[in-house]
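Heads up, the thing below is written out as structure tokens.
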Amino acid sequence: MKTLVVGDSHASFCFDLIDGCEVRWLGSVTMFRIGRDGFDGFLDRSRTHDAVIFVFGEIDVRAHVLRIAVQQSKPVSDVVDELASAYVNRIRDLDGVEIKVIASVVPPVNTGYAARNTAVPVFGTIEQRSEAVSLLNARLRMLSARSGIGYLDIYSAFVGRDGCMPLSKSDYVCHIDPYRSKPIADALRILVPGEFRYDSRRRISALGSFGKVSEVSPFRQKIRFRRVCWKKKCHILIQSLNSKIVGLLPRASP
């Protein structure tokens, strides 16, 4: 059985290193868009799929859910309920798929990198986004069960006590560290028949910032990923030290 994984960049970061998965990275497609428009243009409707895993929602929480709640003066829980319901209904009504699995949304990463990157917009505090992710995942789990759809809990393996993703498990922006995706393969075996195996020698299509995938070996791909993460980690440490030093300096008299 070949399992198709369809979704945003998290589909690539979470599943590209899992042998047995065929990842179709769609770019920055939101859960809202799927709920509104469905999968036309994203899935080959003439083909019958044994199993499909759907990976959407992180972008919605990071950039849109809290903004919409403010703009429409609605509780975040209401925005989340509407978002999840439309999304799950689209997946429930999708024909030509034997096994459907909805992946949970990953916890937010508590660094300033996403906020400074115009390509990765952020709205709301880290605490607000953490709570919104928890609300959305709870709703997705409940609606999936009601609709006879599998629910793949990625969140639990990558969340810390504060509701955020520990930096050691992240790419320091908004994704998991793809080289720590083995727990996803383990959880997937429970939901979908097949031999799913973590394999670090596979290529990660969404790592475009670390060089064109076709031009680097898997080993160099991993080295480049680690190098970028270390640069970010050092930058965070320097920022933290600077903040502490500024806090210790005497304030000028008015």
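The values are calculated or read from the model by the stated rules, or taken from the named source; none is laboratory data. Note that the structure is a prediction, hence the values are computed from the model and not measured. All Cβ positions, glycine included, derive from the backbone under ideal geometry; neighbour counts span all protein chains shown.
Observations on the structure shown:
- Hey, residue 77 among the polar types (S, T, N, Q), in a helix (DSSP H, G or I) and touching a residue at least 12 places away in the same chain (Cβ under 8 Å) or not: yes
- Qualifying positions in the range 6-45 - touching a residue at least 60 places away in the same chain (Cβ under 8 Å), part of a strand (DSSP E or B) and within 13 Å of the chain's Cα centre (by Cα): 7, 25
- Test result for residue 133, buried (at least 19 other Cβ atoms within 10 Å of the Cβ), among the β-branched types (Val, Ile, Thr) and either under 15 Å from the mean Cα position of the chain (by Cα) or outside any helix (DSSP H, G or I) (or both): yes
- Residue 190 vs. criteria within 25 Å of residue 8 (Cα to Cα), in a helix (DSSP H, G or I), out of contact with any strand residue (DSSP E or B) (no Cβ under 7 Å at 6 or more places or on another chain) and at pLDDT 65 or above: yes
- Taken residue by residue, the range 46-59 has at least one member that is assigned to a helix (DSSP H, G or I) and either closer than 28 Å to residue 176 by Cβ or of a type outside the set (Val, Ile, Thr) (or both).
- Options 161, 201, 146, 139: the member that is in a helix (DSSP H, G or I), surrounded by fewer than 17 Cβ atoms within 10 Å (Cβ to Cβ) and of a type in the set (D, E, K, R): 146
- In the set (1) at pLDDT 95 or above; (2) in a helix (DSSP H, G or I); (3) surrounded by 15 or more Cβ atoms within 10 Å (Cβ to Cβ), residue 114 fails one condition alone, (1).
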